[in-house]
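Data first, discussion second: the structure below is written as structure tokens.
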Amino acid sequence: MKPPHITVARVRQVLAAAAKSRVLVIGDVMLDQFIWGRVSRISPEAPVPVVEFERESFMPGGAANVARNLTALGARTELLGAVGRDSSASQLKMLLAGDGVGCSGLLPVRSRLTTKKTRVIAHRQQVARVDRETRSELDIKSTRRLLALLEENLAHADALIVGDYGKGTVTEALLGEIKHLCRTRGVWLSVDPKPVHHLDLTGLSLITPNRKEAFELAGVADTARAADPLADIGLQRAAEKLLRELSPALLLITLGEQGMLLCQRGQRPFHIPTVAREVFDVSGAGDTVIATFTLAVAAGASPVEAAIFSNHAASVVVGKLGTATVTTEELLASFKR
């Protein structure tokens, strides 16, 4: 069967409409630090590689990476979340400003650290990662302030993305009020869920778990994987259970090298094979998927078109090292191939 596709002309239409869209992002924001070097010897102190420092770089991560994926494709984006009163917050805001992301919704909280992930990379391989973060739930007072900022911004938004990375910003209280606000205003709501949180994920517009998260959310054991996702009985059962129990308008399960599975109640699942040619780093690929799918829907694309759109976007970013974005030129080039 011929793989599903949309024409380059249609992609241009979606991108043009995306540039007129406004998408909000709320959730756990992070600063990603990359220390680049090379290894030529093992430490005499312990059986570990000695990384000789060459350079370092910084990128927005977590929900901040979702936001920069949106602005990379021309969307107007405002980011909301909690940060510490520290140098990492200042650096993150500076990077986001350079990416065209609105940062007025970043709430400084004295009792928290800005999440900072330091990755040590040598010869294109990750050697180690150091995390500095506060993982406790955001306090009620700060949650209310964040919701007030969201309500101010929601009036002119086409969609809202919740980026939950288990760092404490996305609580049941926050998500419950977000669902109410979006429902009453008719705003599209996308969530990339973290099963460990056990939040009420019912009644969302879109959820985008990967395969492992989908099985965990469904409470089903993943015992065998079929070469064809449409013939994968376990995957189909997990998807059916999620559609039945959570009732999302759309369920998009990302499957790594197998692409994606788009599921809707009452319809046969739609499989989108991957178009990635090279895979260097999958970190941040989920951010790209939820950002580009949501943006495509906000720009008038059908669910199938949005899935193909986000699949091509993800295929570009996995060919890059580190948390990355896709430009309109790169996306169009992917479709032209």
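The values are calculated or read from the model by the stated rules, or taken from the named source; none is laboratory data. Source: prediction; values computed, not measured. Counting neighbours? That spans all protein chains shown, and the Cβs are built from the backbone with ideal geometry, glycine included.
Return yes when Val196 is β-branched (Val, Ile, Thr) and within 16 Å of the chain's Cα centre (by Cα) and no when it is not. So Val196 fails the test.
Only one of the numbered conditions (1) assigned to a helix (DSSP H, G or I); (2) at pLDDT 95 or above is not met by Glu257, and that is (2).
A residue that is in a strand (DSSP E or B), touching a His at 6+ places or on another chain (Cβ under 9 Å) and either at pLDDT below 95 or aliphatic (A, V, I, L, M) (or both) can be found somewhere in region 262-281. Among the residues of region 100-114, those identified as in a loop (DSSP other than H, G, I, E, B), touching a strand residue (DSSP E or B) at 6+ places or on another chain (Cβ under 9 Å) and either at pLDDT below 95 or surrounded by fewer than 19 Cβ atoms within 10 Å (Cβ to Cβ) (or both) are Gly100, Leu113. Listed by first and then second residue, the pairs with beta-carbon distance under 7 Å, at least 6 apart or on different chains, first residue in region 47-69 and over 17 Å from Thr114 (Cβ atoms), second charged (D, E, K, R) and in a strand (DSSP E or B), are Val50/Arg41; Glu52/Arg38; Glu54/Arg38.
Scanning region 303-337 for residues that are surrounded by fewer than 24 Cβ atoms within 10 Å (Cβ to Cβ), closer than 23 Å to Ile253 by Cβ and in contact with a strand residue (DSSP E or B) (Cβ under 9 Å, 6 or more places away or on another chain) yields Pro303, Val304, Ala324. The number of residues in region 113-151 being among the polar types (S, T, N, Q) and touching a Phe, Trp or Tyr at 6+ places or on another chain (Cβ under 6 Å) comes to 0.
Of the strands (runs of 3 or more DSSP E) lying entirely inside region 1-78, the ones with 3 or more residues being loosely packed, with under 13 Cβ neighbours inside 10 Å are found at 29-42, 49-62. Taking region 284-326 as the range and being among the charged types (D, E, K, R) and assigned to a loop (DSSP other than H, G, I, E, B) as the test, only Lys320 passes. Given the condition in contact with a helix residue (DSSP H, G or I) (Cβ under 9 Å, 6 or more places away or on another chain), within 30 Å of Pro49 (Cβ to Cβ) and not basic (Lys, Arg), answer yes or no: does some residue in region 119-132 qualify? No, region 119-132 contains no residue that is in contact with a helix residue (DSSP H, G or I) (Cβ under 9 Å, 6 or more places away or on another chain), within 30 Å of Pro49 (Cβ to Cβ) and not basic (Lys, Arg).
Pairing residues of region 232-256 that are without any contact (Cβ under 8 Å) to a residue 24 or more places away in the chain with residues that are buried (at least 17 other Cβ atoms within 10 Å of the Cβ) and in a loop (DSSP other than H, G, I, E, B), at Cβ distances under 7 Å and at least 6 apart in sequence or on separate chains, gives Gly234/Val220; Arg237/Val220; Lys241/Val220.
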